Each structure stands twice: as C-alpha cells, then as structure tokens.
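Below: one structure, written as structure tokens.
The values are calculated or read from the model by the stated rules, or taken from the named source; none is laboratory data. From a predicted model like this one, the values you see are computed outputs, not experimental measurements. Note: ideal-geometry Cβ built from the backbone for every residue, glycine included; neighbour counts use all protein chains shown. Keep in mind that these areas ignore ligands, DNA and RNA; they rest on the heavy atoms of the full protein, side chains included. Shrake-Rupley method; radii C 1.70, N 1.55, O 1.52, S 1.80 Å.
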Amino acid sequence: MSKQLEEIQQILKANASEENIAFFSKVVPGQSQKLYGVKTPILNDLVKKYKAFSFELAEELWHSGAHEERIIAIKILETKGKTDPERLLKLFKKFAGDIDNWAICDGMGMQFLRSIVKTHSKEIFDIASVYNKDKNLWKRRLSLVMVEWYTRHEDKHLAILKLVNPLENDDEYYVRKAVAWIYRNFEKKK
C-alpha cells in the first residue's frame, strides 16, 4: 500500500459519518462496496491534493474498493487521463467489470473519459457498442452514459441511437433510465 493511499484512507476515516452512510445507502441501493460516508467536497479536496500521482494511485484506489476511493480514482483520471489516452481506455475497460451501482457507473461514463471525448470518439463508441450487448446491466447502462456527452453534437445522434434502440425495452430499470436520459438530452437540443 502506497503512502498516498494510506493518507487518503486516514482522511476518509477521519471524515466518516454513519449518517452519510445511511443516506447514501438509500440513494444508491444495491451497491456492495465499503462506504466511509464522506461528502463530495472532501473527496474533491483529496483529488486536488493527490492528482499528481495520476494513474498508479488511481489504480490503487480502485482496487482498494471503497466507494469513495473509487470516486477519487475516477476524478483523478478525469483530470489526468489525457496524458495517456491509451492507458486511460485500457483502465476504463478493466474497471468497467467492477461496477455495481449507478453512481460509479455514471462517474465512469461521465467523468473518467471526459478529457478525451473530443479526441477519441471512435474508440469510445467502439467500446460502447461492445458494452451495449453485455449481459452485465451496468455495462449496458455504461454504453449509454459514456456517449451522453455527444448528445450535444447532432452529427453523433445516429450513432447514439444505434446504442439506444436495442435497450429501449431492457429488463433492467437502470438501463431504461439511461435510455430516457439520452432521449431527454435529444429533446433539449431541439
């Protein structure tokens, strides 16, 4: 365990709250990760302090496995991912199989790849098309969330619809919620 991970865990423990754990458990049902119960502003401060450690620390945080540690990992990679897009995409694929709730799924889809959405749309859509057919409900949801940014660009709408259409009647609630989200975004653009 790195010195940085130890420091982060100490700060998380010092700011842990049972009240926040109870609230978060209601808002994000079904998640199986350890929860410290630490609010977002503290997580954001940790990202600012430790983002220079980039990929290695993000991987270590992810594998440590607590919800807040994974959120910090996502946010670090959001800020540093463009320094090595290939490594970022490789980690994205590696981490995607560990998703077990909508909060981590949406963080992965909305933040993890943010630094490369303009430069690596082909790669992002290629991954999304694979996840779109996956048995794992979180990968199917991720296939839509990871292309949400492109709803702002009319030239990408057809490619997005190719991902949305097969999932419109998905059995899983959280997948259908992502479908509705994409359609709402399309409506906003009209």
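Remarks
- Here the range 169-187 is the region considered, the condition is being among the basic types (Lys, Arg) and under 21 Å from residue 101 (Cβ atoms), and the residue that is surrounded by the fewest Cβ atoms within 10 Å (Cβ to Cβ) is 177.
- Cβ-Cβ distances below 7 Å connect the following pairs, each with a first residue in the range 80-95 that is surrounded by fewer than 19 Cβ atoms within 10 Å (Cβ to Cβ), a second residue that is among the β-branched types (Val, Ile, Thr) and in a helix (DSSP H, G or I), and a separation of six or more residues or different chains: 82/116; 85/116; 93/127.
- Residue that is most open to solvent (accessible area, probe 1.4 Å) [pool: residues in the range 146-156 that are under 14 Å from residue 129 (Cα atoms) and in a helix (DSSP H, G or I)]: 156
- The range 169-190 residues that are under 15 Å from residue 142 (Cα atoms), paired with ones that are of a type in the set (S, T, N, Q) and at pLDDT 95 or above (beta carbon under 8 Å, 6 or more apart): 176/169; 182/151
- Residue match in the range 103-123 (condition: among the basic types (Lys, Arg) and within 18 Å of residue 4 (Cα to Cα)): no
- Scanning the range 40-82 for residues that are of a type in the set (S, T, N, Q) and either under 20 Å from residue 21 (Cα atoms) or modelled with pLDDT of 95 or more (or both) turns up 40, 44, 64.
- Matching residues in the range 112-128 - criterion: being open to solvent by less than 40 Å² (accessible area, probe 1.4 Å) and part of a helix (DSSP H, G or I): 112, 115, 116, 121, 124, 125, 127, 128
- Extreme residue, farthest from residue 85 (Cα to Cα), among residues of the range 1-18 that are of a type outside the set (A, V, I, L, M) and in contact with a helix residue (DSSP H, G or I) (Cβ under 7 Å, 6 or more places away or on another chain): 15
- Test: residue in the range 138-145 that is surrounded by fewer than 21 Cβ atoms within 10 Å (Cβ to Cβ) and over 12 Å from the mean Cα position of the chain (by Cα): no
- Residue 21 fulfils the conditions (1) touching a residue at least 40 places away in the same chain (Cβ under 8 Å); (2) more than 22 Å from residue 82 (Cβ to Cβ); (3) over 16 Å from the mean Cα position of the chain (by Cα) except for a single criterion, (1).
- With respect to the conditions (1) without any contact (Cβ under 8 Å) to a residue 40 or more places away in the chain; (2) in a helix (DSSP H, G or I), residue 142 lacks only one, and its number is (1).
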